[in-house]
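Before any comments, here is the structure.
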């Protein structure tokens, strides 16, 4: 049987004996909204858990819209014109509205990327500022919050704090630390400092299992406590189907609206796994830009492969391992137990420790301790791949041939959209 998976803008095609294939990673067919603009307007007037946005915006003179960076795919070109025109009709002129990007600890976007993200009209009409986690002078210390027994220092962008109406836009997909993206995640890590982001991520790393699709977990709760302290007033989140079409709009309270959106995302991105496969072929799509993002595909595959199996990972990683995380390679080289031991001993305020990297490295270690990883990539160097503990192949087919040589007659599963897939093998695996 000929099969294919995305690899950046192209595809990788390969052949699998029909009797070996046990799942193809298909997600449910969820129909898109018929009129997205009308749906957005309806939700702004009838949000979940808050008054209508028109009421919240009354008399506000400093409205800040938090928007994602180029590692995410919320349809901002559609949402933003509808949102700002709605605000304008209810008394908020363009001069009262500013955009603040929320990249967390990622690199800043280029001017071209900003134009691609929001469209030229929005870039012309509004000021766009970029949060930079490396600029400590732009951060305000708000003390700390607790997520269970874990203390999270709160350092947040000054512009967001000075807003008299703070609105976050985002998209809800399964996420390996926060359970699902969206909601409070636009604030933390979106516009916070390294210490805040380190603390919430370590809270996830110390769990017994990767909390992919686990809505109630310390990382998510920490993000929400930070957002309460910051004062996130309103969210506008989308849920999309496998084709990238919007199937749901969720607006209002950043917890209540988000929970309803996450319930739909669980249905939309769910991939039913009859049993763990010996070999899983997985694409990082749509999270291809670097390994920091692409690793989400491996985490999805982690829940679909048997212990001792093989993962075949197609991940372009055009920009290498990661930006703004100089200790990432050091953490990646460690076994899981050592990562967790050192992470527990470090303070989130220790910028040199780079504890955000420790969390991502812990996920990587969990994967490679469960299965061997064969990788197809163009952006990672030989040193990168050795540090990750993977083996490089030139094509998925070559990797698959070697996998069958090591596991003759092995069962095979495919995850074409590994970056957003939620493999479900009974409810305990969600």
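Values quoted throughout were computed directly from the atomic coordinates according to the rules given, and no laboratory measurement underlies them. Computed from a predicted model, the values in this text were never measured in an experiment. With ideal geometry, Cβ positions are generated from the backbone for all residues, glycine too; neighbour counts draw on all protein chains shown.
How tilted is helix 194-205 with respect to the longest principal axis of the chain? Cα atoms for both, answer in degrees (0 to 90, nearest 10). With both axes taken from Cα atoms, the answer is about 40 degrees.
For the chain, the longest principal axis of the alpha carbon atoms and the long axis of helix 396-406 meet at an angle near 50°.
The residues 306, 228, when put in order of fewest to most other Cβ atoms within 10 Å, stand as 228, 306. The Cα center of the range 325-355 and the Cα center of the range 112-127 differ in position by 37 Å.
For the chain, relative contact order (Cα pairs under 8 Å, six or more residues apart, normalised by length) works out to 20 percent. Students often get this wrong: which residues of the range 394-422 have the backbone nitrogen under 16 Å from the point 7 angstrom along Cα-to-C-beta of residue 11? Inside the label zone: 396-397, 414-418.
Pairs of Cα atoms nearer than 8 Å and 6+ residues apart set the relative contact order; for the range 36-268 it is 23 percent.
Looking at the square roots a ≥ b ≥ c of the eigenvalues of the Cα gyration tensor of the chain, which shape do they give, rounded for a/c under 1.5, prolate if a/b is larger than b/c, or oblate?
Details: a/c = 1.91, a/b = 1.46, b/c = 1.31.
Since a/c reaches 1.5 and a/b is larger than b/c, the shape of the chain is classed as prolate.
Extension gain, residue 58 to residue 95: 0.36 nm times the residue separation minus the Cα-Cα distance gives 11.9 nm.
What does a probe at residue 267 reach in the range 221-258, counting residues whose amide N is under 15 Å from the point 7 Å along Cα→Cβ? 239-242, 246-250, by backbone N distance to the label point.
By other beta-carbon atoms within 10 Å, ranking 46, 181, 283 with the fewest at the front produces 46, 181, 283. Volume per residue for the range 42-102 equals 98 cubic angstrom (convex hull of Cα atoms). Just check the range 347-430 against the gyration tensor rule for me: Cα atoms, a ≥ b ≥ c as the square roots of the eigenvalues, rounded for a/c under 1.5, and otherwise prolate or oblate depending on whether a/b exceeds b/c. Because a/c hits 1.5 or more and a/b fails to exceed b/c, the range 347-430 counts as oblate.
For the range 130-266, the gyration tensor built on C-alpha atoms gives an oblate shape. Its axis ratio a/c (a ≥ b ≥ c) is at least 1.5, and a/b is not larger than b/c. In the elastic network of the chain, a GNM with C-alpha springs shorter than 10 Å, the most mobile of 183, 413, 18 is 18.
Taking 247, 187, 280 in turn, the Gaussian network model of the chain (Cα-Cα springs below 10 Å) assigns the largest fluctuation to 247. FRET efficiency for the pair residue 392 and residue 2, taken as 1/(1 + (r/R0)^6) with r the Cβ-Cβ distance and R0 = 22 Å, rounds to 0.40. Model label points for residue 115 and residue 85, set 7 angstrom from Cα along the Cα-to-Cβ axis, are 2.3 nm apart.
Highest mean packing first, where packing is the average number of other Cβ atoms within 10 Å per residue, the peptides 60-67, 385-392, 119-126 line up as 60-67, 385-392, 119-126.
A straight line joining the Cα centroids of the range 376-430 and the range 299-323 runs 5 Å. Looking at the chain alone, DSSP beta bridges between its own residues are antiparallel in about 35 percent of cases. The residue 323 and residue 38 beta-carbon pair, evaluated with R₀ = 56 Å, returns a calculated FRET efficiency of approximately 0.90. What separates the Cα centres of the range 40-65 and the range 18-39 is a distance of 31 Å. Calculated [222 nm] ellipticity per residue, helices only, for the chain: -10000 deg cm²/dmol; basis is -39500 (n - 2.57) per DSSP H run with n ≥ 4, divided by all residues, nearest 500.
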